[in-house]
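K.L.:
Starting off with a structure, shown below.
The values are calculated or read from the model by the stated rules, or taken from the named source; none is laboratory data. Given the structure is predicted, the values throughout are model-derived calculations rather than measurements. Quick reminder, even Gly has a Cβ in these numbers, built from the backbone with ideal geometry, and neighbours come from all protein chains shown. Protein only, heavy atoms only, side chains kept; ligands, DNA and RNA dropped before computing areas. Shrake-Rupley method; radii C 1.70, N 1.55, O 1.52, S 1.80 Å.
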Amino acid sequence: MPQNEISAMRKYPFFKYFFLSLFFIGACNCLSAQHLDSLLSQLDAKYPQEKTYLQFDRAYYNPGETIWFKAYITSDNLPSTISKTFYAELLDAKGKILQRKTMPILQSSAASNFDLPDSINASVLYVRAYTSWMLNFDSSSLFIKPIHIIKASAPAKKSVALTYSLHFFPEGGDLISGLQSRVAFKANDQFGKPVDASGNVVDDNNKKITSFLSIHDGMGYFLFTPLPGKKYKAIWKDKKGTSHETVLPDAKNQGVSLMVDNTASWINYSITRPDSVDDAFTFYYVIAQIQQQIVYSAKVNMSHKTTINTSIPTDSVPDGIMQVTVFNALQIPVAERIVFINHGNYYFNTDLHAVDKHLDKRGHNALQVDVGGNLLSNLSISVTDADLNTPSDNEENIFSSLLLSSDLKGYIYNPAYYFSSDEDSVKQQLDLVMMTNGWRRFNWQDLVNGQLPVIKYQPENYLSVKGKVFGLSQSLLTGKEVTCILKTKSAGAPQIMTIPVLKDGSFEQSNLYFFDTAKVFYQFNNDKDKSMTSMASFSIYSSFVTSPGHPATLFSSLNAPVTPDSITLQKNLAAMNLLRESYLEASKIKVLDVVTVAAHQKTPEEKMDEEYTSGFFTSDDAHIFILENDPMSKGALNILNYLQGKVAGLQISIDGGGNPSATWRGSTPSIFLDEAPSDLQSIQSISVTDVAMVKVFQPPFMGAMGGGSGGAIAIYTKRGGDNDNSLIKGLDFSTVIGYSSIKEFYSPDYDIKNDTTVGDYRTTLYWSPFIIMDNKTRRVTIPFYNNDKTKRIRVIIEGMNENGQLTREEKTFE
């Protein structure tokens with residue numbers, strides 16, 4: 001029965017299958033496209049991969065400063081919903097962990113910081129970040145970034161002799177004897193910095209075959225037809241004029257030459273085979289996939305033809321790296337090429353304006369951030385001294401990291417450049433990157449051979465507390481449950497959990513959410529006299545994933561750290577000295593205060609806030625009300641009635657049917673009772689006399705699921721008896737570790753207090769990791785104060801919306 005020489009199919013969530021008949025030939029028995037599609041669907045369903053990118057407040061740091069960062073986590077180029085716990089580590093050059101932070105993932109993002117000690121001597125540290133799920137895959141999928149540390153003294157740089165290398169990359173992967181191929185190349189020094197290169201390709205008789213010249217950042221390409229039995233090498237010169245020789249890869253006798261051209265709406269490709277080949281090299285499948293989703297499939301029968309030319313429509317394909325793979329009849333990948341699809345759909349616009357600019361000493365400033373559309377958007381912003389945090393010629397950003405670097409093998413110099421413009425020249429230069437770097441998300445041959453990832457780590461559902469019972473037989477443990485009472489440092493009500501015990505004595509409770517440390521009080525359920533509990537011993541602990549090892553090649557393929565130029569370096573050293581002097585002056589003033597002035601007495605609000613709150617609820621960006629100190633609370637019918645009119649912009653109303661509602665900036669505030677999620681109906685019935693404190697948080701409040709775009713109202717009830725001792729009296733307990741404590745970025749308010757006796761030499765003027773925009777909040781105004789020295793500020797905003805589109809806006813104001 002006749003069939004088509006090429007029949008093509010493309011697939012994505014918004015695609016329909018279609019077949020295109022091009023040529024008429026006979027039937028062939030080979031691997032089906034449906035089988036490959038099934039393999040890839042299985043990979044995507046069971047083994048979806050996460051990627052992460054970290055925005056830092058600065059590119060480099062002085063000893064004693066704080067590294068602030070915000071993480072964005074994606075899967076299939078969408079906000080990831082796989083993991084709920086995030087890890088970040090600060091490593092030295094030997095891979096030793098200096099600090100480790102654990103964070104809850106909210107809105108597919110997380111944030112924390114590292115405090116650098118004053119005594120640090122290293123010039124380079126590394127930040128590694130990941131989720132537990134990412135540890136199931138290649139270690140190259142983890143986020144690793146070198147951070148340059150400016151030393152207190154700036155020693156003269158040692159002169160290092162530069163060495164240069166040239167690497168060749170035949171398009172499709174291999175040179176095939178007798179077939180013309182496009183050969184890309186890349187020249188760089190031992191640090192990965194590109195160098196210009198030019199030269200000639202000669203055969204084993206030193207006969208010139210062709211010449212080549214780098215086009216962009218040491219990269220270029222040339223056309224070349226290797227002949228059977230011939231050897232080839234390149235004779236080339238570096239930028240200093242020194243001559244080098246580099247051997248080209250040997251040509252194969254069997255295979256295909258794949259040539260790909262990326263146009264606006266089509267990927268044009270050609271496949272050419274030698275005249276004489278085995279049967280396995282007369283029938284092929286061409287598969288194109290993006291993020292483990294097949295977008296194109298073609299059956300190609302070349303038993304009567306040596307060349308075919310056809311196209312892949314890309315007008316409806318999402319932006320990102322497309323992997324085009326050619327398989328022969330034996331299910332073996334024989335050629336592969338990656339291309340970047342760019343329709344400009346990967347980003348959304350963020351507008352940034354300075355609506356109040358006073359860059360004099362401690363002047364007040366305000367930035368206005370606008371986001372169009374109605375999608376939920378999650379942003380972060382850094383404001384730094386533009387003369388101390390200057391752009392470099394080797395930048396990475398949210399676009400280049402999530403869409404480019406995280407998917408490719410090898411070193412990419414200045415990856416952010418390829419997203420700096422929509423000009424055709426930049427797109428062509430990006431295609432050189434595609435030709436000189438390999439795909440690393442998965443290997444087709446492993447997939448066809450059934451070699452799937454081994455899952456050792458399951459996605460974490462926030463915190464888990466695990467335990468093991470020792471000293472009791474399986475028969476005694478059968479059907480037993482352990483009652484655990486989780487008591488955090490805050491004054492919230494203890495969390496009571498009844499957990500089944502397995503036959504081996506183990507038990508586990510997940511989906512917990514607390515910071516710092518907590519106590520877990522325990523006993524067997526219905527063990528009133530504790531007779532059974534006293535017979536056993538318990539081991540209870542928090543379950544965090546173990547830090548991955550340190551492979552020898554961990555740092556070998558990384559971009560070099562961004563370092564300041566000589567002028568910026570001197571400015572940073574001067575600023576560091578001023579900062580140290582201000583710290584010393586501040587410490588002297590504090591000592592004098594201790595001697596001559598009575599110690600500062602904490603206000604009742606400060607005392608109660610310190611006693612009752614934990615985690616995100618410790619934020620200072622809130623209104624605090626202590627009801628027993630407020631005469632107005634005595635006449636309030638309930639807590640909602642009390643809050644009416646208390647906070648500007650917070651609207652609380654109760655309709656004729658007694659149903660309460662609340663809005664802030666057009667969104668509904670999240671409600672918490674003793675730091676546990678609640679609702680207006682529940683707290684409406686709480687008597688004012690039972691409430692110790694109310695804390696109303698300005699929008700957004702990241703302690704709330706969904707980002708808290710309407711802020712939050714946290715109700716704290718009075719403590720019963722002696723800190724709930726009636727529940728835990730006489731019970732044994734274990735201390736467990738929660739998420740890393742939250743440190744708030746300090747931003748002074750000089751309208752309230754302007755102490756000029758202590759200098760202000762902050763290098764980061766403002767940092768906010770969570771700016772949440774939704775359909776009702778499309779504009780945010782950010783106020784901050786200048787320091788004593790800055791004359792120019794550099795503002796960088798990055799973020800992601802609920803559809804996975806990314807944004808980046810950078811401006812300098814002076």
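K.L.:
Of the labelled options [x] 14; [y] 23; [z] 18, which one gives percent of Cα pairs over 54 Å apart as computed for this structure?
P.N.:
[y]
K.L.:
Restricting to DSSP H runs of at least four residues, report the calculated mean residue ellipticity at 222 nm for the chain, -39500 (n - 2.57) per run over all residues, nearest 500 deg cm²/dmol. Don't skip to the answer; put the middle values down first.
P.N.:
Working: 11 runs with 101 residues, N = 814.
Rounded to the nearest 500, it is -3500 deg cm²/dmol.
K.L.:
Assign unit charges at the C-beta atoms only (+1 for Lys and Arg, -1 for Asp and Glu), then state the dipole size of the chain relative to its Cα centre in Debye, rounded to the nearest 20.
P.N.:
Working: 75 positive and 84 negative charges, 266 e Å.
Using only the charged Cβ atoms, the result is roughly 1280 debye.
K.L.:
Roughly how many Å² of TYR513 are accessible to a 1.4 Å probe, to the nearest 10?
P.N.:
It works out to around 70 Å².
K.L.:
Please work out the C-alpha center-to-center distance from the stretch 283-342 to the stretch 129-148 and express it in whole Å.
P.N.:
Between the Cα centres of the stretch 283-342 and the stretch 129-148 lies a distance of 29 Å.
K.L.:
Quick one: accessible surface of ARG441, probe radius 1.4 Å, all protein chains present, in square angstrom to the nearest 10.
P.N.:
Here the accessible area works out near 30 Å².
K.L.:
Let me ask you something else. Which cross-chain or sequence-distant (5 or more) residues have an amide H under 5 Å from the amide H of GLY220, H modelled 1.01 Å from N in plane?
P.N.:
The answer is PHE185, ILE215.
K.L.:
Which lysines, if any, have their Cα less than 24 Å from the Cα of LYS186, not counting same-chain residues under 8 positions apart?
P.N.:
LYS145, LYS207, LYS208, LYS230, LYS231, LYS233, LYS237, LYS239, LYS240, LYS252, LYS409, LYS427
K.L.:
Okay, next question. Spin-label point model (7 Å from Cα, Cβ direction): what's the LYS607 to HIS167 distance in nm?
P.N.:
The modelled label-to-label distance comes out at 6.5 nm.
K.L.:
Could I ask something else about it? Amide H to amide H under 5 Å from ASN188: which residues, 5+ apart in sequence or cross-chain, H placed 1.01 Å off N in plane?
P.N.:
Amide H neighbours of ASN188, under 5 Å, 5+ apart: SER165, VAL195.
K.L.:
In µm²/s, what is D for the stretch 252-303 at 25 °C and 0.890 mPa s, where D = kT/(6 pi eta Rh) by Stokes-Einstein and Rh is the Kirkwood radius from Cα pairs?
P.N.:
195 µm²/s
K.L.:
Would you pull out the residues with amide H under 5 Å of SER80's amide H, same chain only if 5 or more places away, H placed 1.01 Å from N?
P.N.:
Answer set, sorted by chain and number: ILE73, THR74, SER75.
K.L.:
Using the Kyte-Doolittle scale, find the helices of the chain whose mean hydropathy is at least 0.0 and whose Cα atoms extend 15 Å or more along the helix's long axis, counting only whole DSSP H runs.
P.N.:
Values: long enough: 33-46 (20 Å, -0.28); 424-436 (18 Å, 0.03); 566-596 (45 Å, 0.30).
Membrane-span-like by this criterion, though nothing is claimed about a membrane: 424-436, 566-596.
K.L.:
Follow-up question, since we're still on this one. Go through the stretch 201-208 residue by residue and turn each phi into a ³J(HN,Hα) via Karplus (6.51, -1.76, 1.60, θ = phi - 60°); whole Hz please, and just put x for glycine and proline.
P.N.:
In residue order, the calculated couplings are 9, 10, 8, 6, 9, 6, 7, 5 Hz.
K.L.:
Taking only C-alpha pairs under 8 Å that are 6+ residues apart, what is the relative contact order of the chain in percent?
P.N.:
16 percent
K.L.:
Which shape class applies to the stretch 296-449: rounded if a/c is under 1.5, otherwise prolate when a/b exceeds b/c and oblate if not, where a ≥ b ≥ c are the square roots of the Cα gyration tensor eigenvalues?
P.N.:
Numbers: a/c = 3.07, a/b = 2.48, b/c = 1.24.
Note, shape of the stretch 296-449 comes out prolate.
K.L.:
Select from GLY220, GLY241, MET134 the residue farthest towards the positive end of the dipole of the stretch 97-247; place +1 on Cβ of Lys and Arg, -1 on Cβ of Asp and Glu, and compute about the Cα centre.
P.N.:
GLY241
K.L.:
Report the one residue of VAL201, VAL160, SER177 whose Cα lies farthest in the direction of the positive end of the charge dipole of the stretch 147-241 (charges on C-beta: Lys and Arg +1, Asp and Glu -1; origin at the Cα centre).
P.N.:
Of the candidates, VAL160 comes out farthest on the positive side.
K.L.:
For a Förster distance of 41 Å, can you work out the FRET efficiency between the beta-carbons of GLN34 and THR546, rounded to the nearest 0.05?
P.N.:
Working: r = 40 Å, r/R0 = 0.98.
The value I calculate is 0.55.
K.L.:
Express in whole angstrom the spacing between the alpha-carbon centres of the stretch 757-814 and the stretch 214-262.
P.N.:
That distance is 47 Å.
K.L.:
If the chain between SER303 and LEU472 were fully stretched, how many nm would it gain, using 0.36 nm times the residue separation less the Cα-Cα distance? List each step's numbers first, then the result.
P.N.:
Working: separation 169, 0.36 × 169 = 60.84 nm, distance 7.18 nm.
Full extension from SER303 to LEU472 adds 53.7 nm.
K.L.:
Right, something else. Going by average Cβ density within 10 Å per residue, which order do the peptides 669-677, 222-230, 103-111 take, highest to lowest?
P.N.:
Values: 669-677: 20.4, 222-230: 14.8, 103-111: 23.0.
With the highest mean Cβ count within 10 Å placed first, the list reads 103-111, 669-677, 222-230.
K.L.:
Could you tell me whether the stretch 201-314 comes out rounded, prolate or oblate from its Cα gyration tensor? Rule is a ≥ b ≥ c as square roots of the eigenvalues, rounded for a/c under 1.5, then prolate if a/b exceeds b/c, otherwise oblate. Each step should come with its number before you reach the end.
P.N.:
On the way: a/c = 2.95, a/b = 1.48, b/c = 1.99.
Oblate.
K.L.:
A follow-up question, please. Using the heavy atoms of the protein chains alone and a 1.4 angstrom probe, what is the accessible area of the chain per residue in square angstrom? Numbers along the way, then the final one.
P.N.:
Working: 36560 Å² over 814 residues.
Heavy-atom SASA per residue in the chain reads 45 Å².
K.L.:
Within straight cross-link reach of LYS776, meaning Cα distance under 14 Å, which aspartates and glutamates are found once same-chain residues fewer than 8 apart are removed?
P.N.:
Candidates past the 8-residue exclusion: ASP370.
K.L.:
Can you find, among PHE442, SER506, TYR418, the residue farthest towards the positive end of the dipole of the stretch 416-534? Put +1 on the C-beta of Lys and Arg, -1 on that of Asp and Glu.
P.N.:
Looking along the dipole axis, the top candidate is SER506.
K.L.:
While we're on this one: Taking a probe of 1.4 angstrom, what is the accessible area of HIS167 in Å², to the nearest 10?
P.N.:
Approximately 80 Å² of HIS167 is accessible to the 1.4 Å probe.
K.L.:
With +1 assigned to the C-beta of every Lys and Arg and -1 to the C-beta of every Asp and Glu, and no other charges, what is the dipole magnitude of the stretch 418-553 about the Cα centre in debye, to the nearest 20? If you can, show how the numbers build up before the last one.
P.N.:
Working: 13 positive and 12 negative charges, 158 e Å.
In debye, rounded to 20, the stretch 418-553 gives about 760.
K.L.:
A further question follows. Ordering MET434, MET608, MET632 by how much accessible area each has at a 1.4 Å probe, largest first, what is the list?
P.N.:
On the way: MET434 5, MET608 30, MET632 135 Å².
So the residues, ranked largest to smallest area, are MET632, MET608, MET434.
K.L.:
Right, another one. Share of the stretch 351-439's accessible area from carbon and sulfur, percent, 1.4 Å?
P.N.:
46 percent
K.L.:
Sticking with this one: Using 0.36 nm per residue, how much length does the chain from ILE332 to VAL160 gain when fully extended, once their Cα-Cα distance is taken away? Could the numbers behind the result be given before it?
P.N.:
Working: separation 172, 0.36 × 172 = 61.92 nm, distance 4.49 nm.
Result for the pair: 57.4 nm of gain on full extension.
K.L.:
Here's something else I'd like to know. Which links in LYS357/LYS743; LYS466/LYS487; LYS718/LYS743; LYS84/LYS607 stretch past 24 Å when you go from one Cα to the other? List each step's numbers first, then the result.
P.N.:
Numbers: LYS357/LYS743 28 Å; LYS466/LYS487 16 Å; LYS718/LYS743 27 Å; LYS84/LYS607 32 Å.
As for pairs spanning more than 24 Å Cα to Cα, those are LYS357/LYS743; LYS718/LYS743; LYS84/LYS607.
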